1. Taking H placed 1.01 Å from N in the peptide plane, check which residues at least 5 places from residue 8 or on another chain put their amide H under 5 Å from its amide H.
2. Given a 1.4 Å probe and the protein chains all in place, what does the accessible area of residue 156 round to, in Å² to the nearest 10?
3. Just how much of residue 151 is accessible, in Å², when a 1.4 Å probe is used and the result is rounded to the nearest 10?
4. Sort 275-281, 12-18 by packing, meaning the average of other beta carbons within 10 Å per residue, with the highest value first.
5. Please build a GNM for the chain, connecting alpha carbons under 10 Å apart, and tell me which residue among 67, 213, 150 fluctuates the most.
6. Hey, how many Å between the Cα centroid of region 92-155 and the Cα centroid of region 229-306?
7. Just want to confirm a number: the relative contact order over region 1-52, from Cα pairs under 8 angstrom separated by 6+ residues, in percent.
8. Please give the direction-averaged projected area of the C-alpha convex hull for region 246-325, in square nanometres with one decimal.
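The values are calculated or read from the model by the stated rules, or taken from the named source; none is laboratory data. Keep in mind the model is a prediction, meaning the values are calculated, not measured. A quick note on method: Cβ atoms are made from the backbone with ideal geometry, for glycine too, and the neighbour counts reach across all protein chains shown. Only protein heavy atoms, including side chains, enter the accessible area calculation; ligands, DNA and RNA are left aside. Shrake-Rupley method; radii C 1.70, N 1.55, O 1.52, S 1.80 Å.
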Amino acid sequence: MSELPSFELIRAASVSDVAAARRGHLDCRLLAGGTDLIANLRRGIGGPTALVDITGLPGMRDIAAEPDGIRIGAGVTLARLIEDPLIRCRFPALADAAATVAGPAHRTSATIGGNLCLDTRCVFYNESEWWRKSNEFCLKHRGTVCHVAPTGNRCHAAYSGDIAPVLLVLGASVELAGDGGTRWIALDELFREDGAAHLALGADEVLLSVRLPVEPGLLAGYEKARFRGAIDFPLAGVAVSLRQADGMLTVLRIALTGTNSRPLLVSDCEALIGRPLDASALRQIDRLVQKQAAPMRTTIIPAHYRRRVASALACRLAARLFAEA
Ligand SMILES: Cc1cc2nc3c(=O)[nH]c(=O)nc-3n(C[C@H](O)[C@H](O)[C@H](O)COP(=O)(O)OP(=O)(O)OC[C@H]3O[C@@H](n4cnc5c(N)ncnc54)[C@H](O)[C@@H]3O)c2cc1C
Ligand code: SF4
């Protein structure tokens, strides 16, 4: 890691402060907990003239019960998510997923918004400046070729946030604020399959909050495989939510992280609705996950292993939740 480059720190107290900062510093970056952004700046990835601290925006640090769900400010820390009684009671899978992110010290400042907006990762990218320079950089930053897929024209860096899959299977939506006002979108619409531009967030927008609906009877869980058990990003992470009635599935959602350039809500799970979660259904889950997970050579662990781990975790988690439901 290199020295942190010089920049101006602007503390925004309102969305219009963020807009003004962006007008004054076209290359500025939004700063939440800084646990990912600062590390990347110290690797020489980007050198903004200003960082805009958004954790003081109104409502950013609030967790509020709503009649049909819960609203979580984007600046709520992961440490607080783990401890909060409302989250633990209504969405324990979210607290459990937060507890798998990084280490305890990171989680005291890391935020849920920063986790959702986390940059994608690759062994050719999350490296020091001199290392990347000696490889002539890469397509994602300052280079022309992707070392993972040299004949292609897009970046395959992997989205590796632990929180998004759980929020996806819980049906979350997110509140975005920008020059045109505020809008809500389904969380799934925030992401796209492009490692160099994986967020469908307007250049003028900031993520303000996350809303989770309460779905009675829905059980959810999250499991991840990682290289080091203590502190590490997921090589593959899987969230599942399901509900059953009379031994038949009435809801089944599966989401992945660490395998694609976006957190992926696995499609075609509806085909299993109305069926028991028996051996044949588990084989179908295995096929769906293996087909849609698209890991590339972006980590030191082989891609085919990560694909198989993703499907094994999905089957194991679905079977456990079905037995508990
Ligand atoms: C050693 C180490 C281990 C880690 N392990 C894990 C892990 O296991 N799992 C995991 O998921 N993460 C891991 N991380 C990454 C990081 O700590 C977490 O993802 C954390 O939640 C990021 O949140 P933050 O508030 O610190 O984000 P920041 O670093 O402040 O921001 C991250 C990115 O999101 C943008 N951003 C932040 N908030 C907003 C917002 N409200 N609106 C729009 N854009 C925004 C920033 O501009 C930046 O581009 C690890 C980091 C380290 C250093
Ligand atoms: S996937 Fe390719 S372009 Fe993207 S960070 Fe890795 S080497 Fe660079």
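1. Long-range HN contacts for residue 8: 50, 51.
2. About 40 Å², rounded to the nearest 10.
3. It works out to around 150 Å².
4. Put in order of decreasing packing, that is 12-18, 275-281.
5. Highest fluctuation among the options: 67.
6. The two parts, judged by their Cα centres, are 22 Å apart.
7. Relative contact order for region 1-52 comes out at 58 percent.
8. With every direction weighted equally, the projected area is 5.1 nm².
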